[in-house]
Structure formats: structure tokens, C-alpha cells
Amino acid sequence: MGRQKHTIHGLVELDITRAREKLRQYRVQTGKALSFSAFFLACLGKAIDQDKQMHAYRDWRNRLFLFDEVDVNMLFEVEVEGRKTIRPHILRSVNYKSMGEIQEEIRIFQGGHQNSRESKFIEWFVRLPGFIRRISLRVLLKNPQLIKEYYGTVLVSSVGMFGTGSGWGIPAPNHTLQLTLGGMGKKPGVVGGCIEVREYLSVTISFDHDVIDGAPAARFMQQLKKLVESGDGLGEFLKPVSNTME
């Protein structure tokens, strides 16, 4: 079904050197870890908030529906009966939540995913015959309110969790907007006119061209890049250097 959509893929690299350094500083100062996933989702919510058409949907009458809340359906690797598998979890209204709130929600889901609504639904859904699943999805994907409730308005997947090194994944998405986080790798970068080793995250940004035009998509990518590369919001968690030295 995803292959039938008019999807455009953008392959981008985000310089996460500054963000990763701030995350390491926080661990040194507090002995605790901040989730990179929570940081990325917080940046994503802010970027979509600038242009809500990035997660809009059309109904069966071709009417366009815009949503205020950014509901991110994120895929997590969890353990079920001793085996690694993927389970979705919809993080509601990430554009209105702090990074700490997002991280706590992720932690709670990973600790009790067996009882989550999404896990119970997916276990039931995959047992249905293929033709029934396709019919159900066709009905769902023509109803924006159902999409938001059961599917989330944006999908984030991470193929980088399965290995190391840079590289992109190319999905066949059903969402208007899907971000596929690829690998992290170090390579030379130009900073202030000088070449130095930087750390980059490969990200595939896939959008439905029937809903989103190229120019808004490009602006969205630039806004997301700016937020992630600046380590937006991470400075709030760090103590001033003078206090640390004391």
C-alpha cells in the first residue's frame, strides 16, 4: 500500500556532534543518561509545529485535515518471550511536551510494553488474514481522525539500532511524513573554515507529495536540521561550567 503513494524521499545528514557532546556532559555531571530519541522527538515536534501541513491528511472526499497535536508513532526494539521484536508506541502531543516528559514516557513504555494498547493491537492485527488487514488499512487511511487515534500522525523508525556506521533506510510509508533514522558515523566536516572530525546521523525524510509540496518539505528539513544540530533544549539540563569546577 505504501508503494502506491506518491512518496518523495530526502536523504540528509545531521551533524549531531554538539548534541552528543551535551548528552555526554549531562551524564558526567549527573551520572544519569538523557535519551537521544527523546531529544530528537522534541526537535521534531517543534519543527512540525512551524508548519502543521507536514502531518496533514486527506479524507475520502479529498478534504485536507490539519492537526494541532503532533502524535508520533515510534517503533522500538523490545524483548517478547526471549526474542527481539519491534513494537510501536504513539507518543501524543510531543510538540507540547518537554524532553524530560518524552523520555519518561519512553521509559515507561519500554518497561511495560506488553500491557500497552499498541502492543495488544498489533498482536491481534497481525493474526488477521492479509486481505482483511489491507481492507482495514484502506478504511483507516481515508479517515484522518482514525489515523490520528490508531496510527499517529507521524512515523519515526530507526534502522540504526541494528548496527553501526552511517547509511540510510528507504521505507514504503503510509504516513504523510515518516522519518527513518539510519546509522551514526564519523567523517570530516568543515567548521569555521577548518576541517575536523564530526559525528553525523543519516536521516531519510519521506513525505506524501499529494499532501506536501517540495518547498515546504525543504523548509521543514532545514528547520529540523537547525534544531538538532544546535542541540536545542539540551543546555537547560547542564550546569554552568563555573559551578561544575566548584
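Here are the numbers:
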| item | result |
| --- | --- |
| Test: S116 is surrounded by 12 or more Cβ atoms within 10 Å (Cβ to Cβ), at pLDDT below 80 and small (G, A, S) | yes |
| Qualifying residue in the stretch 163-176 (condition: among the β-branched types (V, I, T), touching a Pro at 6+ places or on another chain (Cβ under 6 Å) and over 30 Å from R63 (Cα atoms)) | no |
| Candidates V191, V156 - the one that is free of Cβ contacts under 8 Å to residues at least 24 places away in the same chain and β-branched (V, I, T) | V191 |
| So A38, is it in a helix (DSSP H, G or I), modelled with pLDDT of 95 or more and not hydroxyl-bearing (S, T, Y) | no |
| Selection status of E149, of a type outside the set (V, I, T), free of Cβ contacts under 8 Å to residues at least 12 places away in the same chain and closer than 25 Å to K5 by Cβ | yes |
| Hits in the stretch 225-246 - residues which are modelled with pLDDT under 95 and of a type in the set (D, E) | D232, E236, E246 |
| Residue among I106, I90, I86 that is at pLDDT below 95, surrounded by 19 or more Cβ atoms within 10 Å (Cβ to Cβ) and either closer than 14 Å to L155 by Cα or not hydroxyl-bearing (S, T, Y) (or both) | I90 |
| Single residue of I102, I108, I48 found to be of a type in the set (A, V, I, L, M, F, W, C) and over 16 Å from the mean Cα position of the chain (by Cα) | I108 |
| Residues (surrounded by 19 or more Cβ atoms within 10 Å (Cβ to Cβ) and hydrophobic (A, V, I, L, M, F, W, C)) located in the stretch 37-66 | A38, F39, F40, L41, A42, C43, L44, A47, I48, M54 |
| Which listed residue is at pLDDT 90 or above, out of contact with any Pro (no Cβ under 7 Å at 6 or more places or on another chain) and among the hydrophobic types (A, V, I, L, M, F, W, C), from L181, L155 | L181 |
| Residue list for the stretch 1-29, restricted to those being polar (S, T, N, Q), assigned to a helix (DSSP H, G or I) and in contact (Cβ under 8 Å) with a residue 40 or more places away in the chain | T17, Q25, Q29 |
| The listed residue being among the aliphatic types (A, V, I, L, M) and over 14 Å from I90 (Cα atoms), out of I147, I132, I122 | I132 |
| Residues within the stretch 67-83 that are exposed (fewer than 13 other Cβ atoms within 10 Å of the Cβ), over 19 Å from F39 (Cα atoms) and modelled with pLDDT under 90, tallied | 4 |
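Results for (1) closer than 20 Å to V70 by Cβ; (2) modelled with pLDDT of 95 or more; (3) surrounded by fewer than 18 Cβ atoms within 10 Å (Cβ to Cβ), shown as yes or no for each residue.
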{"residue": "V159", "(1), (2), (3)": "no, no, no"}
{"residue": "S166", "(1), (2), (3)": "no, no, yes"}
{"residue": "I170", "(1), (2), (3)": "no, no, yes"}
{"residue": "G185", "(1), (2), (3)": "no, no, yes"}
{"residue": "P188", "(1), (2), (3)": "no, no, yes"}
{"residue": "E196", "(1), (2), (3)": "no, no, yes"}
{"residue": "E199", "(1), (2), (3)": "no, no, no"}
{"residue": "Q223", "(1), (2), (3)": "yes, yes, no"}
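The values are calculated or read from the model by the stated rules, or taken from the named source; none is laboratory data. Only a predicted model underlies this, so the values are computations on that prediction, with no experimental measurement involved. Here Cβ is always computed from backbone atoms with ideal geometry, including for glycine, and neighbour counts include all displayed protein chains.
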